[in-house]
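Participant: The structure's right below; bear with me while I get my questions together.
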Amino acid sequence: MTKKEDNTIHIFCSASKSRLEEVNNLLIPSLEQQTVKNKIHLTLVDYTGKRTFSTKEIKNKKLNIDILYPDKPLGFGESHNFAFYKTKPNKYFLIINPDIYMDKNCLKELLGSFTKDIGLVEARQLPFTHPKDTPHKKTFETNWASGCCLLINSIFFEQVHGFDSNYWMYLEDVDLSWKAWINGFKVIQNPKAVVYHYTGLY
């Protein structure tokens with residue numbers, strides 16, 4: 001492992017042409033302003049299997065960005081499995097929705113929370129969060145973590161063979177969280193790692 005590889009944070013985002021406006025106006029600008037010193041490599045997965053967009057349509061000045069084109073449509077979890085096995089990040093990686101805007105210190109906070117016994121580190125979503133148990137006040141442990149903005153331990157992810165492809169979209173993050181706990185890895189939320197999730201409710 002080279003120093004260059006060790007200093008790179010790989011970020012995976014499942015998208016299509018219809019989500020490019022969000023990628024260009026929300027996700028990329030927020031990644032460009034991150035205070036973390038790591039180099040950022042954003043991998044977009046065109047989950048449609050139809051090559052609906054290219055790097056020429058991506059507005060970016062600072063990041064290293066590429067696009068992966070699977071040969072068939074992939075679900076949310078499958079898309080991130082595809083990116084993982086193509087990229088093979090050695091320590092951890094982040095998955096994120098295209099409709100997310102990250103606070104400038106979000107990545108720094110997420111990486112600062114990571115230890116080898118943690119499987120998943122979840123960002124805190126504003127203004128709405130998923131209905132679930134409140135994270136523990138001292139340990140920040142949570143029963144499950146949302147895949148909207150999630151730092152994942154690469155060793156754990158490979159150990160459980162990634163997301164279960166039987167979940168096309170929704171609940172695959174709950175399933176992965178349970179697998180983390182079952183296999184001895186913690187699942188936590190860092191309340192200082194803030195993201196703004198522009199859902200239909202927003």
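Participant: What size of dipole, in debye to the nearest 20, comes out for the stretch 90-202 about its Cα centre when the only charges are +1 on Lys and Arg C-beta atoms and -1 on Asp and Glu C-beta atoms?
Facilitator: It comes to approximately 460 debye.
Participant: Would you mind classifying the stretch 58-116 by shape? Square roots of the alpha carbon gyration tensor eigenvalues, ordered a ≥ b ≥ c; an a/c under 1.5 is rounded, otherwise it is prolate if a/b is larger than b/c and oblate if not.
Facilitator: Oblate is the answer for the stretch 58-116, as a/c is 1.5 or above yet b/c matches or exceeds a/b.
Participant: Could you tell me which of rounded, prolate or oblate describes the chain, using a ≥ b ≥ c as the square roots of the eigenvalues of the alpha-carbon gyration tensor, with rounded for a/c under 1.5 and, failing that, prolate when a/b is larger than b/c and oblate otherwise?
Facilitator: rounded
Participant: Can you tell which of GLY112, TRP144, ASN183 lies farthest toward the positive end of the dipole of the chain, using +1 and -1 charges on the Cβ of basic and acidic side chains (Lys, Arg; Asp, Glu)?
Facilitator: So the residue furthest toward the plus end is GLY112.
Participant: Which of the chymotrypsin sites (Phe, Trp or Tyr not before Pro) found in the stretch 145-195 are loop residues per DSSP with 16 or fewer other Cβ atoms within 10 Å of their Cβ?
Facilitator: TRP168, TYR170
Participant: Please compute one quarter of the surface area of the Cα convex hull for the stretch 22-106 and express it in square nanometres.
Facilitator: The directionally averaged projection comes out at 5.6 nm².
Participant: Oh, and also: Normalised by the residues of the chain, what does the relative contact order come to in percent, with Cα pairs under 8 Å and at least six apart?
Facilitator: Once divided by the residue count of the chain, the mean separation gives 25 percent.
Participant: Taking amide H positions as placed 1.01 Å from N in the peptide plane, with prolines and chain starts having none, which residues 5 or more places from SER14, or on another chain, fall under 5 Å of its amide H?
Facilitator: Amide H to amide H, under 5 Å and 5 or more residues apart or across chains, SER14 pairs with VAL45, ILE96.
Participant: Could you size up the charge dipole of the stretch 23-75 around its Cα centre, putting +1 on the beta carbon of Lys and Arg and -1 on that of Asp and Glu, and report it in debye to the nearest 20?
Facilitator: So the dipole magnitude of the stretch 23-75 works out to roughly 140 debye.
Participant: While we're here: Students often check this: by mean Cβ neighbours within 10 Å, which of 10-20, 84-94 ranks highest, and how do the rest follow?
Facilitator: 10-20, 84-94
Participant: Still on this structure, please answer the following. Place a +1 charge on the Cβ of each Lys and Arg in the chain and a -1 charge on the Cβ of each Asp and Glu, then give the dipole magnitude about the Cα centre in debye, rounded to the nearest 20.
Facilitator: Around 680 debye, computed over the chain.
Participant: At 1.4 Å probe size, with every protein chain present, just tell me what the per residue accessible area of the stretch 78-175 comes to in Å².
Facilitator: 48 Å²
Participant: Rounded to the nearest percent, how much of the accessible area of the stretch 74-168 (1.4 Å probe, protein heavy atoms only) is carbon and sulfur?
Facilitator: Roughly 52 percent, rounded to a whole number.
Participant: Additional query: Do you know the relative contact order of the stretch 1-91, to the nearest whole percent, from alpha carbon pairs under 8 angstrom that are 6+ apart?
Facilitator: 33 percent
Participant: Divide by every residue of the chain the summed helix terms, -39500 (n - 2.57) for each DSSP H run of at least 4, and state the resulting mean residue ellipticity at 222 nm, rounded to the nearest 500 deg cm²/dmol.
Facilitator: Value at 222 nm, helices only: -6000 deg cm²/dmol.
The values are calculated or read from the model by the stated rules, or taken from the named source; none is laboratory data. Since the structure is predicted, the reported quantities are computational estimates derived from the model, not experimental observations. Methodologically, a virtual Cβ is constructed for each residue, glycine included, from the backbone with ideal geometry; neighbour enumeration extends over all protein chains shown. Ligands, DNA and RNA are excluded from the accessible area calculation, which covers all protein heavy atoms including side chains. Shrake-Rupley method; radii C 1.70, N 1.55, O 1.52, S 1.80 Å.
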